[in-house]
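Q: Just passing along the structure, written as C-alpha cells.
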Amino acid sequence: MAIKSSVLASLALFGSALAQSVDGSQYNNPTAGPPASFFAAATTVPVAALQSAAAKASTAAKDATYPINGDGGAPKSTIHSDWTNFSEGAAFVWVADMDVDCDGLDYKCKGNPDGQQNTNFGALAAYEVPFFVIPDKFGTTYANVLPGNNIGAIICNGKMFYGIYGDTDGDTPQVIGEASWLMARTCFPNDDLNGNSGHGAVDVTYILFTGKDAVLPSSALNKNYVTNFSTLRSMGDKLITALAKNLGLASGGGPSTTLTTKVSSTTTSTGSGSTSTSCSWAGHCIGKTHLRPR
C-alpha cells in the first residue's frame, strides 16, 4: 500500500507539473515573470517558413493599416486577411515593431506614466500575461471573430511564443505593434524594453487566430492572470500546426525553431552555432529552472 500511495503521489505531482496551473500573483513581478518555456511554441513548428509566408501576405483586411508609433511620418503596417478563410487555423497576420504596453494591473511599470488600470477584457498583469495589442478600430470592425483573449503566435528573433489578444490601442492616431512587458522582454531580453523604450525595427510577425475556438478559456485565464500555461501552449500548437498544414508547410526543427539553453551559463545553443544571451531574470531563458520570487 505504501508503494502504491507513493506511485500515486508521484503521478499526481507529475500531472500537476504538466498542467502548469499557476498562481499568477507569484509571477507578477518585473524581474520574476513566467519563464519563456511556459508559452514557447513546440520545436516542431516551422517558424522560419511561417515567417516567410507571412511576409508574402498581400490581401489587406478592412480598416487594416496603422502607423507603428504616433510620430508624424512613422512607418505603417497593414493587417492581412489572406489566412482568414481556413476552416481551422484561420488567422490575421501582420509585421510590425514591438512597443511595451503595461495597461492593466501593472500600469505603473517603468517608463509608463500614462498607463491605464484596465485592459479591454479585464485588468491583465503585463508582467505575467504574454498579451499583445491591436488597434481599437480593427478590434471593433472584427469583433465577431475577435471576441477577446484570442490566441496569437508572435515570431521574434527567430523564435515563436504564444500570447493572447488582451488589449486595444485607442490613441490618436491608433498604432500597431504593442505587446505586454512579459512578451516584449521575452522577445528581446537584452534590450531593457519598458513603457518608454520599445523594439523599433519592423521585424516582428504577429499571427492572430480568429473565432471562438481560438479563445483562451476562463479555465486557463482570469481577469488578471494566465492560470494554466499548458492550455495556452497546447491550443497554440494545435492552431499553428493547422495553419502550417493549410499553407503546405512541413513541420520540423531547424536553426530558427530549435532552441536550448544551458542551466549553468547564458550561452544559447542553436542549430547554427552558439550565441551569447542574457536573461531578463533568473530562470527566464528557455530551459532554465524558474525561480519564483520569495
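The values are calculated or read from the model by the stated rules, or taken from the named source; none is laboratory data. Treat the numbers as computed from the prediction; the structure is a model and nothing was measured. Reconstructed Cβ throughout: ideal geometry from the backbone, glycine too, with neighbour counts over all protein chains shown.
Q: Inspect all residues belonging to segment 234-243 and state whether any of them is in a loop (DSSP other than H, G, I, E, B) and out of contact with any Leu (no Cβ under 7 Å at 6 or more places or on another chain).
A: Pass one, segment 234-243, residues in a loop (DSSP other than H, G, I, E, B): none.
No, that holds for no residue.
Q: Let me ask another. Yes or no: D167 surrounded by fewer than 22 Cβ atoms within 10 Å (Cβ to Cβ) and acidic (D, E)? If you could, list the steps in order and put the result at the bottom.
A: On the way: surrounded by fewer than 22 Cβ atoms within 10 Å (Cβ to Cβ): no; acidic (D, E): yes.
No.
Q: What residue, among those in segment 128-164 that are within 26 Å of T31 (Cβ to Cβ) and more than 12 Å from the chain's Cα centre (by Cα), is surrounded by the fewest Cβ atoms within 10 Å (Cβ to Cβ)?
A: G158
Q: Does C279 satisfy the criteria of being modelled with pLDDT under 95, surrounded by 21 or more Cβ atoms within 10 Å (Cβ to Cβ) and over 28 Å from S77 (Cβ atoms)? Talk me through it step by step, then tell me what you get.
A: Numbers: modelled with pLDDT under 95: yes; surrounded by 21 or more Cβ atoms within 10 Å (Cβ to Cβ): no; over 28 Å from S77 (Cβ atoms): yes.
So C279 fails the test.
Q: I need the strands (runs of 3 or more DSSP E) fully contained in segment 124-215, keeping only those with at least 1 residues that are in contact with a Gly (Cβ under 6 Å, 6 or more places away or on another chain), closer than 24 Å to G89 by Cβ and in contact (Cβ under 8 Å) with a residue 12 or more places away in the chain. Steps first, answer last, please.
A: Details: elements: 131-135, 151-156, 159-169, 178-180, 199-209.
It comes to 131-135, 151-156, 159-169, 199-209.
Q: Here's a check for you: in segment 113-123, which residue that is part of a loop (DSSP other than H, G, I, E, B) and not charged (D, E, K, R) is surrounded by the fewest Cβ atoms within 10 Å (Cβ to Cβ)?
A: Restricting attention to segment 113-123, the residues satisfying the condition of being part of a loop (DSSP other than H, G, I, E, B) are 113-118, 120-121, 123.
The next check asks that each one be not charged (D, E, K, R); those that pass are 113, 115-118, 120-121, 123.
On the way: P113: 9, G115: 16, Q116: 14, Q117: 11, N118: 14, N120: 19, F121: 19, A123: 15.
Checked segment 113-123; the qualifying residue surrounded by the fewest Cβ atoms within 10 Å (Cβ to Cβ) is P113.
Q: All but one of (1) of a type outside the set (K, R); (2) in contact with a His (Cβ under 8 Å, 6 or more places away or on another chain); (3) crowded, with 20+ Cβ neighbours inside 10 Å; (4) modelled with pLDDT under 95 hold for L193; which doesn't?
A: Unmet condition: (4).
Q: Name the residue that is surrounded by the most Cβ atoms within 10 Å (Cβ to Cβ), counting only residues in segment 69-100 that are acidic (D, E) and either within 17 Å of T205 (Cα to Cα) or modelled with pLDDT under 95 (or both). Before the answer, list the steps.
A: Residues of segment 69-100 that are acidic (D, E), as a first pass: 71, 82, 88, 97, 99.
Keeping just the survivors that are either within 17 Å of T205 (Cα to Cα) or modelled with pLDDT under 95 (or both) gives 71, 82, 97, 99.
Working: D71: 10, D82: 18, D97: 21, D99: 23.
Out of the qualifying residues, it is D99.
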